[in-house]
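Working notes for the structure below.
The values are calculated or read from the model by the stated rules, or taken from the named source; none is laboratory data. Just so we're clear, the structure is a prediction, and the values are computed from it rather than from any experiment. FYI the Cβ positions are ideal-geometry reconstructions off the backbone, even for glycines, and counts take in every protein chain you see. All accessible areas refer to the heavy atoms of the entire protein, side chains included, with ligands and DNA or RNA removed. Shrake-Rupley method; radii C 1.70, N 1.55, O 1.52, S 1.80 Å.
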Amino acid sequence: RNANGGYSSGMYVVMDENYKEIDYVTLLPNTEENHTHGEGYLDQHEFLMLGNQHYLTLSYTPELVSNLPETVKGIDGGSTAYVWAGVFQEVKDGTVLHEINTTDYPLLYESSVEKMDYENSTDQGVEVVVNNNPIPSLADGWMDYVHPNSLDYTLDENGETDKLLVSMRDQSAVYQFDITTGGIDWILGGKASTLTGYDEFTSTRKDEKGNEFSALTFGQHYARYINKAEDGTISGNPKISLFDNQTGDAPFLTALPVPTLTRTFKADINEEAKTAAISDVINGTDMNQKTEQYHIASHCGSVDYFNENSVLTGWGLHGVIDNIGAMAPEGTISDQGYEDLRAGSRPIFTEYDMSNDKVTFELSAIRNANFTGHEALFSYRTYKTSN
């Protein structure tokens, strides 16, 4: 991907209990109308196993599109652009059962928060600056206007895949799709939100072109259904959890100031009333007082609300801390009031007891003193196997 981080091109290998390779999974060819792409790469953000040779996959696929709405300028002021499409497939026994492609929804071009310079998009690559050095980057010429970073799903009463919950960082919003019809059921957050009732939890933010909007989340990662039964169904309205980075100003990869307001929360969606009730907000700044470390993440991260005694949070990546390395002198790195942010000052994950307001377990990592590089020290997600 050259300089454009945050996604990748590859495939998944499925192994049995003896680590014998038994399946290889790629983006499969599809002959549906408007989905006539061939075989392609998958991305590292999500891969869900629903059963034997039954998967939900995610791909960042480069496409030349021609359906930009009139409100958005494409190449030469027209309706075409080079973009990274988010492609989500349900695959069983090597056959595509359903596919959702973000380029089928022109609304998403307009509601993007970053990578929205469609007019200057190109398949010839652009020059970007990394560590003060200009380098050519093919990937950055294509607009990463959605940047999906998590998938979750529900099943209907017949055990068939029903709904798809997608967190899209570059939309600063979470979408629920009907996987059978392809329709958007609702949008939580972002410029195009279809839900209301959460104004007290919003802030005014700007997209990369300086346009203001009311943001519930900003650069969020990882959304999950939290009232899904063991059989995969949901009775009544969905309830979801989110890891909300509240990252620095778009474009997210380079902008300052870096965040100190990372949080997690639950959202109770009333689909009939088209409202979202926010609850159980856990602010990283409040957690700082409990363990004297910095609970912040500019990118990545995850949260699972298992029960009142167990909220598991992975603190992802923080550009200032994780990329600076151990060479930074003490006191030289600060972030909105914090005196010293260096590798080792931020936990990898935290388990929090909400009912008793205490941290029950936390793990941090300190960079090896012999390592002098600036590669990031971070966790993408955190899981546990028991409540």
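Descriptive notes on the structure:
- Prolate/oblate/rounded label for segment 1-137 (Cα gyration tensor, a/c 1.5): oblate
- A straight Cα-to-Cα reach below 30 Å connects residue 92 with the lysines 20, 163, 228, 239, 384, residues fewer than 8 places away in its own chain not being considered.
- Solvent-accessible surface of the chain, taken per residue with a 1.4 Å probe and all protein chains present: 46 Å².
- Charge dipole magnitude, Cβ of K and R +1, D and E -1 - segment 148-220, Cα centre, debye nearest 20: 460 debye
- Basic side chains Lys and Arg get +1 at the Cβ, acidic Asp and Glu get -1 at the Cβ, and with that the dipole of segment 161-270 about its Cα centre reaches some 180 debye.
- Averaging Cα coordinates gives a centre for segment 129-162 and one for segment 274-310; these two points are 23 Å apart.
- For the chain, the residue among 202, 368, 12 whose Cα projects farthest onto the positive side of the dipole built from Cβ charges is 368.
- Accessible carbon and sulfur surface of segment 59-142 relative to its total accessible area, %, 1.4 Å: 48 percent
- Highest-MSF residue in the chain out of 242, 363, 68 [GNM, Cα springs under 10 Å]: 363
- Placing unit charges on each Cβ (+1 for Lys and Arg, -1 for Asp and Glu) gives the chain a dipole about its Cα centre, and among 72, 219, 288 the Cα reaching farthest toward its positive end belongs to 288.
- Positive-end residue, the chain charge dipole about Cα centroid, Cβ charges, pick of 40, 298, 86: 298
- Ranked packing of 46-59, 76-89, most packed first, by mean Cβ within 10 Å: 76-89, 46-59
- Packing here is the average count of other Cβ atoms within 10 Å per residue, and on that basis the peptides 30-43, 213-226, highest first, run 213-226, 30-43.
- Gained length - residue 49 relative to residue 370, 0.36 nm times residue gap less alpha-carbon distance: 111.6 nm
- When both segment 199-262 and segment 19-38 are represented by their alpha-carbon centers, they are found 30 Å apart.
- Fluctuation leader among 67, 245, 237 - the chain, Gaussian network, Cα springs under 10 angstrom: 237
- Cα gyration tensor category, rounded, prolate or oblate, for segment 105-181 with a/c compared to 1.5: prolate
- For the chain: rounded, prolate or oblate by the Cα gyration tensor [a/c cutoff 1.5]: rounded
- Charged side chains reduced to their Cβ positions (Lys and Arg at +1, Asp and Glu at -1) give segment 1-134 a dipole of some 260 debye around its Cα centre.
- Once both labels are positioned 7 Å from their Cα atoms along Cα-to-Cβ, the gap between residue 277 and residue 235 label points is 1.8 nm.
- Computed extension gain for residue 93 through residue 35, at 0.36 nm per residue and net of the alpha carbon distance, reaches 19.0 nm.
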